[in-house]
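Heads up, the thing below is written out as structure tokens.
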Amino acid sequence: MAKDWAKPFYNSDIWKTTRKEILRQSGYSCEICGGHAREVHHEIELTPDNVWNPEISLNPKLLHSLCGDCHKAITKKQKGKKLDDCDEGFCFDADGNLTPGEG
């Protein structure tokens, strides 16, 4: 769920258009597992200081089409939380990236 300070950004027309284009370009395919992507991940976590900086919040090079499970796993990893809820058939590689396979 978006934090209160981020809601105006996520409700903006420019974000909705950018999000739709990122998903369309990926064919609505998750960049990690190949599943159905419904979410767009910001490689650089948005903060109150950078949310309106288009080089961060709208930069296609920093946006990734993901399914909900992969997005949740990446976000947990970024926040340093335990990653014990990977779906069967996925593991984390030596660099900490979620990938298909067995750990």
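The values are calculated or read from the model by the stated rules, or taken from the named source; none is laboratory data. Remember, it's a predicted structure, so these values are computed and weren't measured experimentally. Cβ atoms come from the backbone with ideal geometry, glycine included; neighbour counts cover every protein chain shown. Calculation scope for accessible area: heavy atoms of the full protein, side chains included, ligands and nucleic acids excluded. Shrake-Rupley method; radii C 1.70, N 1.55, O 1.52, S 1.80 Å.
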**Request:** Give just the number: which of (1) modelled with pLDDT of 95 or more; (2) open to solvent by less than 60 Å² (accessible area, probe 1.4 Å) does ILE74 not satisfy?
**Result:** (1)
**Request:** For ASP85, work out the one condition from (1) at pLDDT below 95; (2) closer than 24 Å to ASN11 by Cβ; (3) open to solvent by less than 70 Å² (accessible area, probe 1.4 Å) it doesn't fulfil.
**Result:** (2)
**Complete:** Exactly one of ILE44, ILE22, ILE56, ILE14 is more than 18 Å from ALA73 (Cα to Cα), aliphatic (A, V, I, L, M) and surrounded by fewer than 15 Cβ atoms within 10 Å (Cβ to Cβ), and that one is ILE14
**Complete:** Listed by first then second residue, the pairs whose first member lies in the stretch 1-20 and is free of Cβ contacts under 8 Å to residues at least 24 places away in the same chain, whose partner is assigned to a helix (DSSP H, G or I) and open to solvent by less than 80 Å² (accessible area, probe 1.4 Å), with beta carbons under 6 Å and at least 6 positions apart or on separate chains, are ALA2/TYR10
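Rundown of residues vs (1) farther than 16 Å from LYS7 by Cα; (2) among the aliphatic types (A, V, I, L, M), yes/no style:
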{"position": "LEU23", "(1), (2)": "yes, yes"}
{"position": "GLY27", "(1), (2)": "yes, no"}
{"position": "CYS33", "(1), (2)": "yes, no"}
{"position": "GLU39", "(1), (2)": "no, no"}
{"position": "ILE44", "(1), (2)": "yes, yes"}
{"position": "ASN50", "(1), (2)": "no, no"}
{"position": "GLU55", "(1), (2)": "yes, no"}
{"position": "ASN59", "(1), (2)": "yes, no"}
{"position": "HIS64", "(1), (2)": "yes, no"}
